[in-house]
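Structure record follows, encoded as structure tokens.
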Amino acid sequence: MSGFVGVIRADDAPIDGRLLEQLTTFLTFRGPDAQDQWIDGSVGFGHALLRTSSEPECARQPQSLDGAVWIAGDVRVDGRADLIRQLESKGRHRLQTASDAELILHAYHAWGEDCVEHLLGDFACAIWDGRTKRLFCARDHFGVKPFYYAQTALGFVFSNTLNCLRLHPAISDELDDSAIGDFLLFGYNKELTTTTFADIKRLPPAHVLTWSAGSTRVRRYWTLPADGQIHYRRPADYVDHFRELWGTAIEDRLRGDRVSVLMSGGLDSTSVAITAHDLLSARPKAVDLSAYTLVYDQLIPDKERHYAGLVAGALGIPVHYLAADDYTLFGRSDEPGCRTPEPSDNPLPALTADQFQLIARQSRVALSGDGGDAALSSSPVSHFVDLLKAGRPAAMITDLLRCLAHGQRPPLGIRTALKRLRGSGPWLPPYPPWVSQDFAARVHLRARWEDLTRGPASRDSHRPEAYRELQSPFWPYVFETYDPGFTLCPLACRHPFFDVRLLMYLLAVPPMPWFLRKKLLRDAMRGWTPEPVRRRPKTPMVADPVSALLRQPEAQWINHFDGTPELVQYVDVNKIPKIAGLPEQVDLYASDWSLVTRPLCLNYWLASSRLTN
């Protein structure tokens, strides 16, 4: 999770070296091991290195192979061996000890802007081609690494850290009202091309950007395939193929001297920990592996300590528990470590900050189990209704028979199925009554809400539900909340379930029975995972901690908070339901407490938004 920044002058005037140094120095919090700059006339790159291991992927940048083409980025390449073989076939040599950034440079020399079609992994990078005076930028397939940019009157500025760009004197603090509107409706900005600041844009996942002579072009280079299907004769082949790809996905993310796992007591994250432990145990050089688990011991019924302890004990690895019972709503929100570069729909910022700081003190690489539900689960109702809507009753009958043949009885809900057939989807958040009418009219917020709550059109896929979820703008938002630019911690978070090779396979596997109750993962982990964890059903939390905190008398202050002058432009504070401190929530907000806490989240952010982290 190294930091990078770049400045280009469109008028060919020389770069202000002091400004570039200031921007690069700002990135030290995310790249404490080295800070370097490169300037060539009207172009300047800065880089702050976070060294996660002694392996070659951590070489210093900005970097060049020939003095003409330069790269700065935050990159982690998957499938290095395959990429090296492809590059060797193009006449590139001595690549075994090349850093990941060098491999991308070699790929650019071999294929030009088409190099992204040969890359796998998590990457956000910029390449300056001095031969053509062209800037080429790329962001990975799912947006694990962020990329922000701004066009100014004098040129082009970019970074993987939003608050770094805000330090540039040509970039204003003017807010993007549409992004604020999305936050109020959904808790995050669903527009992949914008940020909360009007002058700063996002490069969407799976897109590249080119800049030359003041002209900018953005294009998509990859779309998650929807039409692949795999059929094996032997059921065991599905499991074996999954195990192979699952191991490869985790192996490629284990480059690090000390590795942590964000481990709950659920199947997904414990499978990450177990597989990582197995792979690391086979290495000649020991690597420290630790687990970190958030637990509630008193506030709500919570069994995560028990189940996480079973797995850690079986593996013989340390597990660090962070008890969350004593955290209060919006506690320490004004502390620098709790400030975020964009509004965050999180009423417990101190808990999140402490979790990342705890992990960062022990290691620089953390693995998560995020994405397991989207990749490995399939709602029987959604699946069979989608088949009927697509006019494929034969496929529905075939899948029903597959489930029965494997001893799986899909829990079909007749009422739910009929609602889906009539076009009624799952529960959606209501339109907040406290949104300022003037603001809503100015940015057409009601129409935006109606459009986005309908959801995207399904592609022709035999797993349309999974496809929709994996392509949701929610995931790039989640990944950015793991990024050091958000957490302020030098910690590289990696997400094995979002390995391109693995997801392409999972989207091609027959949904039934393999994704009913995560059968594929449960079968793959048989004999590895303690049986109480492997057989643990996927269920929602018995109680919600934020709801429990809202019911406490100490939370009554939320009913009477004073909004900042900035907030009243967006929110009519008097219309926010006063539910804090009540013994039970009986209105519609009981199902979504964030519709009450979200205005306060925005209020805290607006109060600190003039400050950079």
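The values are calculated or read from the model by the stated rules, or taken from the named source; none is laboratory data. This is a predicted model, so every value here is computed, not measured. Cβ sites come from the backbone with ideal geometry, for glycine too, and all protein chains shown count toward neighbours. For accessibility, only protein heavy atoms count, side chains too; no ligands or nucleic acids. Shrake-Rupley method; radii C 1.70, N 1.55, O 1.52, S 1.80 Å.
Worth pointing out:
- Spin-label pair residue 251/residue 97, simplified geometry with 7 Å Cα→Cβ offset, distance in nm: 2.4
- Bridge type composition, the chain - antiparallel percent by DSSP, nearest 5: 75
- Computed lengthening from residue 218 to residue 241, 0.36 nm per intervening residue step minus Cα-Cα distance: 4.7 nm
- Neighbour net charge for residue 331 - beta-carbon separation under 15 angstrom, K R +1, D E -1: -4
- ³J(HN,Hα), Karplus 6.51/-1.76/1.60, whole Hz, each residue of segment 554-559, x for Gly, Pro: 5, 8, 5, 4, 4, 5
- Fraction of the pair-distance distribution of segment 187-275 above 15 Å, Cα-Cα pairs, percent: 78
- Cα-based shape type of segment 212-357, given that a ≥ b ≥ c are square roots of the gyration tensor eigenvalues and the cut on a/c is 1.5: oblate
- Amide H within-cut-off set for residue 494, under 5 Å, with H built and near neighbours excluded: 366, 367, 368
- Residue-count net charge about residue 95 - beta-carbon cut-off 10 Å; Lys, Arg +1, Asp, Glu -1: +2
- With the convex hull constructed from alpha-carbon coordinates only, segment 56-144 shows a mean projected area of 5.2 nm² over all directions.
- Computed in the context of the full set of protein chains, the accessible area of the chain at 1.4 Å probe radius has 51% of its extent on carbon or sulfur.
- Whole-Å semi-axes of the ellipsoid equivalent to segment 1-76 (Cα gyration tensor, √5λ, descending): 22, 15, 8
- Segment 28-121: relative contact order as a whole-number percent, Cα under 8 Å and 6+ apart: 23
- Accessible area in square angstrom per residue, segment 1-94, 1.4 angstrom probe: 42
- Gyration tensor (alpha-carbon) shape descriptor, the chain, a/c threshold 1.5: rounded
- Overall, the anisotropy analysis places segment 161-203 in the prolate class: the square-rooted eigenvalues a ≥ b ≥ c of its C-alpha gyration tensor yield a/c not less than 1.5, with a/b exceeding b/c.
- Amide H contacts of residue 320: 291, 292, 293, each under 5 Å away and 5 or more positions distant or on a separate chain (H built 1.01 Å from N in the peptide plane; Pro and chain starts excluded).
- Counted charge near residue 214, where neighbours are those whose Cβ lies closer than 13 Å (Asp, Glu -1; Lys, Arg +1): +2
- Cross-link pairs exceeding 32 Å in C-alpha to C-alpha distance, out of 145/538; 145/518; 303/519; 538/575, comprise 538/575.
- Of all DSSP beta bridges in segment 155-308, antiparallel share, percent nearest 5: 60
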